[in-house]
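Contents: one structure, followed by commentary.
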Amino acid sequence: MFSLQNSCIVLNAKAVNGSADAGKAHFKMLNSNVNNGQVRGHQRVPSDTKEFHEATKRDALMRLKKDLDNLLETVEDTRRPAVQKEMCGFEALYHRFLQEDGPSVEWDRIEKLPEGAVKDYSTIKSPQEDHIRDMLDKLVVVKLNGGLGTSMGCHGPKSVIPVRNDLTFLDLTVQQIEHLNKKYNANVPLVLMNSFNTDEDTEKVIRKYKGFQVQIYTFNQSCYPRISRDSLLPVAKDFAIENDIEAWYPPGHGDFYQSFQNSGLLRKFIEEGREYCFLSNIDNLGATVDIKILNRLIGDDQQGDKPIEFVMEVTDKTRADVKGGTLINYENKLRLLEIAQVPKEHVDDFKSVKTFKFFNTNNIWARLKSIERVLNAKTMNMEIIVNNKTLDNGMRVIQLETAVGAAMKCFDGGIGINVPRSRFLPVKKTSDLLLVMSNLYSLKYGSLVMSPQRMFPTTPLVKLGDNHFSKVNQFLSRFANIPDLIELDHLTVSGDVTFGRGVSLRGTVIIIANHGDRIDIPAGAILENKIVSGNMRILDH
C-alpha cells in the first residue's frame, strides 16, 4: 500500500507542543471541558492537562497521515508524484498549525523600522537607456491568477473581466509586457499562477495571445483538502476534485514559492540567467514593471556587495487602508504584519496612520536563487492564516493559508520601497471599476495613466450600495455612460439610483434613495458638493 510517510520527511509527532489558536475548536473544546468540569472524573493537575493536550494532537497528526494515505490511493499513477509533493506541503502546514502556540507576534517586541529599511521611490535612480534591455532579460513577471470573479457576479477567472475599452485584466497585462519587449527588444516572460478554479479557462483564453511578442507560462498553485472544524480531518473522500469541488481549496498566494519550484519553472529561469521575479495580483492595474526598481536591484543603482533578496512595495497609508498589512521590524528582521496577527487590544494601534505609515501593496520583487536556497533549506516559514468557512451543506471547515509577503522574514537583505499610490490600483469591487473606467485615467500600452487634469494625486473615495451595484451587470446597467470624475473627492450612492449620459460629479456627492424610492440623475447633470435624497424619476414621453 502506498504511504505518504514513504515520500515526505516524517514529522515527529512527539515534538508537537503548545496550544492551538483560533480555528482549532476541537482541541480547545476538549481542553475547556476538562477545565470546566464537564468531563467527570478526578481533577487533573496541569501536567496531566498538558499531556492530554499533546496526546490529542499526536492522535490528530497520525489520523491525518492515515487519511492522506487513503486519499493518495485514489490518485492515478501518472499524477501521483506531483500530488504526493503537494500533500507533503499540506502535511507540513497542518503540523505547524497544531504546533504553533499563541500569537505569532508579541506586540511589545515590535520595534521601530530602522533607518533605510524603507527606501523612498524618489531617491531611486533611473537606468541608462542602453542598460535596460540587459536588465529586462534578467526579469520574470509573475501574476497571481487564482481568483474567480464570483464576488463581482462574473463566471470564470477574475482576470477575464473587461475593465477598460472591453479589455480584460489579462489583455492589459499582455499589452504591457509586449510593449516592454518591443520597445527594448527584450524577452520578458509572463508567468500566470492559476488555481484549479481558473486553470482550464485561462488556458483557453491565452491561446489568443499566440501571435504576441510575449512568452506565456502557466502553473497551478497547490490544491489542499479543506478540514472539518469538528474532526480536524480532511472532508474530501477521493482526488476526483471536480466531483466534490467544495472539499478543496487553493491555499493562498503564499503557496507561490513551493508551487513555482514544483512546476520546474524556478530552476528553468535560473538556468536561463534570470535573476529576479516581479510578482503581483493580476487585479492590481498599477502593478506594472518598474524600470527604476529593477535598476535598484540589478542595474546602475546597485548599492553594496550583497544582493537585495526581497523587496516589498509599500505606499503611504490613508484612512481607507487601515486593514492593509504593514511592515514592521521584529527580531532584527523586516516582516509583514497583517491585521489577523494583531491582538484585539492593539487593533486600534495597528489601524493608526501615525503609528504605521505604510501598507503592503502586494507588489513583490524576489531573487530567484534566494527563493531556491530558502526552499531547499526548508526555512520558508510563513504565518498561517486560519480561514473559517461554512459549506453549502452547513459543514464548518477551515482552510490553512499563507500570504506571499509573509515570506519576507525568511530572506536576507530585504527592503521596503515606498512607491507612489499609482502603483496600487486594485479592482476588488465595482466601486474600483467605476474609477478605472472613468476619465480619471487614460490607457497607454496597457497601463492606466492618471489624467493631468486631476488636481490631486489621490483617487476619489467611492462607496456604492451592495444591493444595487455589487455585481458587474447591475453596475453597468445603472450608468448610461461613466460620469466625469476628474474633480470628485467622495461619492456615496445607496439604493435604486441610475445615472443619465454626460453626468459630472464634483467635490463630495451623496445620493441616497430610500427603500421603495428611486432616483434618476438626469443626463448632463452637474452635481457639486450635493446631497440628493428622496424620490426623483425621469419619464420618457
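ARG421 to ALA523: extension gain in nm, 0.36 nm per residue of separation minus the Cα-Cα distance?
33.5 nm
Which FRET efficiency value, to the nearest 0.05, is calculated for ARG267 and ILE510 with the Förster distance at 41 angstrom and r the Cβ-Cβ distance? Can you show the working numbers first?
Values: r = 55 Å, r/R0 = 1.35.
E between ARG267 and ILE510, to the nearest 0.05, is 0.15.
Report, in listed order, any pair from LYS57/LYS389; LYS112/LYS138; LYS183/LYS357 with a Cα-Cα distance greater than 25 Å.
Pairs exceeding 25 Å: LYS112/LYS138; LYS183/LYS357.
Per residue, how much accessible area does the chain show when a 1.4 Å probe rolls over the protein heavy atoms, in square angstrom?
The answer is 48 Å² per residue.
Measuring from centroid to centroid over Cα atoms, what is the spacing of region 289-319 and region 192-260 in Å?
30 Å
What FRET efficiency do you get for LYS354 and MET455 if R0 is 25 Å and r is their Cβ-Cβ distance, rounded to the nearest 0.05?
Working from the Cβ atoms, E equals 0.45.
Filter the DSSP H helices in the chain by two things, a Kyte-Doolittle mean of at least -0.5 and an axial alpha-carbon span of 18 angstrom or more, and list the hits by number.
The answer, listed by residue number, is 80-99, 169-184.
Roughly how many debye, to the nearest 20, is the charge dipole of region 117-201 about its Cα centre, given +1 on each Lys and Arg Cβ, -1 on each Asp and Glu Cβ, and no other charges?
260 debye
Leaving ligands, DNA and RNA out of it, report the carbon-plus-sulfur percent of the accessible area of the chain at a 1.4 Å probe.
Of all accessible area on the chain, carbon and sulfur atoms account for 48 percent.
Under the rule a/c < 1.5 gives rounded, and otherwise a/b versus b/c splits prolate from oblate, where does region 328-402 land using the Cα gyration tensor?
In terms of gyration-tensor shape, oblate.
Taking only DSSP H segments of four or more residues, each worth -39500 (n - 2.57), what value at 222 nm results for the chain once the sum is divided by all its residues, to the nearest 500 deg cm²/dmol?
About -7500 deg cm²/dmol.
What is the distance, in nm, between label points placed 7 Å from the Cα along the Cα-to-Cβ direction at TRP107 and at GLU129?
Placing both labels 7 Å beyond Cα along the Cβ direction yields 5.5 nm.
Percent antiparallel among DSSP beta bridges with both residues in the chain, to the nearest 5?
Values: 36 of 84 bridges.
The antiparallel proportion sits near 45 percent.
The values are calculated or read from the model by the stated rules, or taken from the named source; none is laboratory data. Since the structure is predicted, the reported quantities are computational estimates derived from the model, not experimental observations. Cβ: placed from backbone, ideal geometry, glycine included. Neighbour counts: every protein chain shown. All accessible areas refer to the heavy atoms of the entire protein, side chains included, with ligands and DNA or RNA removed. Shrake-Rupley method; radii C 1.70, N 1.55, O 1.52, S 1.80 Å.
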